[in-house]
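J.: Shown below is the structure under consideration.
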Amino acid sequence: MTAPTPTTRFRRRATAVIAGALLLLLIAQPVLAVEWGSTARLSSLDNYRPRVFRTGPSSALTVYQRGSNAYARRSVDSGKSWSAPVKIASAIRLHFSAAAYGSKVDIAYVRQVTSATGTTSNRLYYRRSLDGGATWQASRAMTSSASNIVDQAVARHSSGRVSIAWTGYSTGRLYLRTSADGGATFGSARYIGKTSNWEPGVYPMYYAEPSIAIGTGVTYVAYLSATNTMSVRRTTDNGVTWSSPIKISSSTDAPFELVATGGTALLAYTSTATGTMQAVYRRTTNKGATWSGGKALSASTNGRFSTTPQFALHGGTLAVVLKHGTPGDSPVWYRQSTDFGVSWTPLTRVSEAQVADSDPEPGGVAILQGVRLAGYNENRGAGSEGLWIRRGQ
């Protein structure tokens, strides 16, 4: 018996069902992985903690530290070319921190100063650019001339709010100052908490290595609360009061990464709880009242490790670069998420092999219009030292 021929109406319904199924399948798939193209060498010398920031749809700024000086370079053509380096800070103690939103860029750093009587102090300074790093305003002191500061962190929110957190060198006390007008003026210092993490010496040094992020109606500060222990506190009233510390990990060390949007935030760090370094993160969806369990950003099995995740968030896409591999063969990789860390695209390799053993460090990431910029830092010999920036689409 010959099977009946489907009616036109049946064929249309079947086609619609198949098309709908294909659409659902496409929606369920992760965003296509980034394909990486040309690489630019922005520094031919080894440097420290480089970062890349979006300052416009096709503009970006990279900042990095060389010795006790910090430098910046700009691109206005989506990373195809870069301006000459400009010194933006000098006489830095330890390291500087930076943040950006749109064309507004902020840096904070500690500088040792000597008074007229010959006494020295470690004073916190702040500097900003309102045009994507083309020009910079004069540095301003954020603490007194008698202050003794060891480390700091700065963050900027889309509302124009800017906050700086720091640690007292000899007290271990953490403080916060906040600006509601984009860094033009700052309120008084607010006490956050205290760290017991210290190093012995003639004068014991406390350090907390804070990381800071600003969400909607909430500010988070992650810090070393004790040796190898990282905790996070939050404030919902601009630092007037703070929550009790929530211990995130007792098997980690700085640096940490905080990124926030609305009432959601992500906190990433390198954990050694399993005996192997592993880049992990935890999320909150209730302004830091509770945090999820740790999730790995890459598998750390068969001798592999991962470390030093760095993030960028723009237009609903969260990008991360991290170091991943085995000792002597641990390149810098990239992946991204469109659901704020619930799921991720596969890893794609960013760093190119500049020396026989691939062992670079992450150098920041930025999301431009249709372009990704990812940095990595080579501190090896063979003439390959320096900061490299790679473009991806």
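J.: Looking only at the range 239-258, which residues are closer than 29 Å to Thr338 by Cβ and in contact with a Gly (Cβ under 9 Å, 6 or more places away or on another chain)?
T.: Within the range 239-258, Ile246, Ile248, Ser249 qualify.
J.: Next up: Could you list all residues from the range 277-291 that are touching a Ser or Thr at 6+ places or on another chain (Cβ under 8 Å) and surrounded by 14 or more Cβ atoms within 10 Å (Cβ to Cβ)?
T.: The answer is Met277, Gln278, Ala279, Val280, Arg282, Arg283, Thr284, Thr285, Lys287, Gly288, Trp291.
J.: Name the one entry in Ala279, Ala208, Ala265, Ala254 that is part of a loop (DSSP other than H, G, I, E, B) and within 18 Å of the chain's Cα centre (by Cα).
T.: Working: Ala279 fails: part of a loop (DSSP other than H, G, I, E, B); Ala265 fails: part of a loop (DSSP other than H, G, I, E, B); Ala254 fails: part of a loop (DSSP other than H, G, I, E, B).
Result of the check over Ala279, Ala208, Ala265, Ala254: Ala208.
J.: Right, another one. If Arg140 passes every condition in (1) touching a residue at least 24 places away in the same chain (Cβ under 8 Å); (2) within 18 Å of Leu176 (Cα to Cα) but one, which one does it miss?
T.: With respect to (1) touching a residue at least 24 places away in the same chain (Cβ under 8 Å); (2) within 18 Å of Leu176 (Cα to Cα), Arg140 is out only on (1).
J.: Would you mind stating whether Leu313 is hydrophobic (A, V, I, L, M, F, W, C) and closer than 20 Å to Tyr64 by Cβ?
T.: Values: hydrophobic (A, V, I, L, M, F, W, C): yes; closer than 20 Å to Tyr64 by Cβ: no.
When the stated conditions are applied, Leu313 does not pass them.
J.: Which of the residues that make up the range 43-67 are modelled with pLDDT of 95 or more and in a loop (DSSP other than H, G, I, E, B)?
T.: Pro57, Ser58
J.: Looking only at the range 67-101, count every residue that is in contact with a strand residue (DSSP E or B) (Cβ under 7 Å, 6 or more places away or on another chain) and of a type in the set (D, E, K, R) and tell me the total.
T.: 4
J.: Filter the range 115-129 down to residues that are surrounded by 10 or more Cβ atoms within 10 Å (Cβ to Cβ) and polar (S, T, N, Q) and give me whichever is farthest from Ala89 (Cα to Cα).
T.: Quick first cut of the range 115-129, residues surrounded by 10 or more Cβ atoms within 10 Å (Cβ to Cβ) only: 115, 119-129.
With the extra rule that they be polar (S, T, N, Q), the set shrinks to 115, 119-122, 129.
Working: Ser115: 20, Thr119: 22, Thr120: 19, Ser121: 17, Asn122: 15, Ser129: 13 Å.
Taking the candidates together, the pick is Thr119.
J.: Of all residues being outside any loop (DSSP other than H, G, I, E, B), in contact with a Ser or Thr (Cβ under 8 Å, 6 or more places away or on another chain) and not hydrophobic (A, V, I, L, M, F, W, C) in the range 135-155, which is farthest from Ala226 (Cα to Cα)? Just the residue, please.
T.: So in the range 135-155, the residues outside any loop (DSSP other than H, G, I, E, B) come out as 140-141, 148-155.
Next, only the ones that are in contact with a Ser or Thr (Cβ under 8 Å, 6 or more places away or on another chain) stay: 148-155.
Next, from what is left, pick out any that are not hydrophobic (A, V, I, L, M, F, W, C): 148, 151-152.
Values: Asn148: 20, Asp151: 15, Gln152: 17 Å.
Top of the filtered list is Asn148.
J.: Counting only residues that are surrounded by 24 or more Cβ atoms within 10 Å (Cβ to Cβ) and over 17 Å from Arg372 (Cα atoms), how many does the range 48-64 have?
T.: Looking only at that region, the number is 1.
J.: Restrict the check to the range 163-170 and report whether at least one residue is surrounded by 15 or more Cβ atoms within 10 Å (Cβ to Cβ) and aliphatic (A, V, I, L, M).
T.: Let us first name the residues in the range 163-170 that are surrounded by 15 or more Cβ atoms within 10 Å (Cβ to Cβ), namely 163-169.
Filter again for aliphatic (A, V, I, L, M), leaving 164-165.
Taking every residue of the range 163-170 in turn, at least one turns out to be surrounded by 15 or more Cβ atoms within 10 Å (Cβ to Cβ) and aliphatic (A, V, I, L, M).
J.: Is it fair to say Lys80 is surrounded by fewer than 21 Cβ atoms within 10 Å (Cβ to Cβ) and part of a strand (DSSP E or B)?
T.: Working: surrounded by fewer than 21 Cβ atoms within 10 Å (Cβ to Cβ): yes; part of a strand (DSSP E or B): no.
Here the answer is no, as Lys80 does not meet what is asked.
J.: Among Gly193, Gly132, Gly160, which is the only one that is crowded, with 18+ Cβ neighbours inside 10 Å, part of a loop (DSSP other than H, G, I, E, B) and within 24 Å of the chain's Cα centre (by Cα)?
T.: Details: Gly193 fails: part of a loop (DSSP other than H, G, I, E, B); Gly160 fails: crowded, with 18+ Cβ neighbours inside 10 Å.
After ruling out the rest, the residue left standing is Gly132.
J.: Could you grab me the full set of residues in the range 284-304 that are of a type in the set (Lys, Arg) and either more than 17 Å from Thr216 (Cβ to Cβ) or touching a helix residue (DSSP H, G or I) at 6+ places or on another chain (Cβ under 6 Å) (or both)? So that I can check it myself, show each step before the final result.
T.: The first filter runs over the range 284-304 and keeps only residues of a type in the set (Lys, Arg), leaving 287, 295, 304.
Selection gives Lys295, Arg304.
J.: Which one of Glu385, Glu352 is within 19 Å of Arg73 (Cα to Cα) and modelled with pLDDT under 95? Walk me through how you get there before you give the answer.
T.: Values: Glu352 fails: within 19 Å of Arg73 (Cα to Cα).
Within the list Glu385, Glu352, the selection yields Glu385.
J.: Now for a different question. Can you pull out every residue in the range 83-110 that is without any contact (Cβ under 8 Å) to a residue 24 or more places away in the chain and either assigned to a strand (DSSP E or B) or touching a helix residue (DSSP H, G or I) at 6+ places or on another chain (Cβ under 7 Å) (or both)? Lay out the reasoning, then the answer.
T.: Start the filter on the range 83-110 by keeping residues that are without any contact (Cβ under 8 Å) to a residue 24 or more places away in the chain, which leaves 83-84, 87, 90-91.
Of everything in the range 83-110, just one residue is without any contact (Cβ under 8 Å) to a residue 24 or more places away in the chain and either assigned to a strand (DSSP E or B) or touching a helix residue (DSSP H, G or I) at 6+ places or on another chain (Cβ under 7 Å) (or both), namely Lys87.
J.: Of the residues in the range 90-104, how many are over 20 Å from Ser211 (Cα atoms) and either surrounded by 18 or more Cβ atoms within 10 Å (Cβ to Cβ) or among the hydroxyl-bearing types (Ser, Thr, Tyr) (or both)?
T.: Number of matching residues: 2.
J.: Tell me, yes or no, whether the range 218-234 has at least one residue that is under 13 Å from the mean Cα position of the chain (by Cα), crowded, with 18+ Cβ neighbours inside 10 Å and part of a strand (DSSP E or B).
T.: In the first step, residues of the range 218-234 are kept if they are under 13 Å from the mean Cα position of the chain (by Cα); the result is 222.
Now drop any that are not crowded, with 18+ Cβ neighbours inside 10 Å, which leaves 222.
Right, trim to part of a strand (DSSP E or B) and you get 222.
Yes; the residues of the range 218-234 include at least one that is under 13 Å from the mean Cα position of the chain (by Cα), crowded, with 18+ Cβ neighbours inside 10 Å and part of a strand (DSSP E or B).
J.: Now, a different point. In the range 174-206, what count of residues is obtained for those that are aromatic (Phe, Trp, Tyr) and in contact (Cβ under 8 Å) with a residue 60 or more places away in the chain?
T.: Going through the range 174-206, the residues aromatic (Phe, Trp, Tyr) turn out to be 175, 186, 191, 198, 203, 206.
Remaining after also requiring in contact (Cβ under 8 Å) with a residue 60 or more places away in the chain: 186.
Looking only at that region, the number is 1.
J.: Can you name every residue in the range 292-314 that is of a type in the set (Gly, Ala, Ser), at pLDDT below 95 and either under 23 Å from Arg156 (Cβ atoms) or surrounded by fewer than 14 Cβ atoms within 10 Å (Cβ to Cβ) (or both)?
T.: Passing the criteria: Ala299, Gly303.
The values are calculated or read from the model by the stated rules, or taken from the named source; none is laboratory data. Not measured: the values here are computed from a predicted model. Every residue, glycine among them, receives a Cβ derived from its backbone with ideal geometry; neighbour counts consider all protein chains shown.
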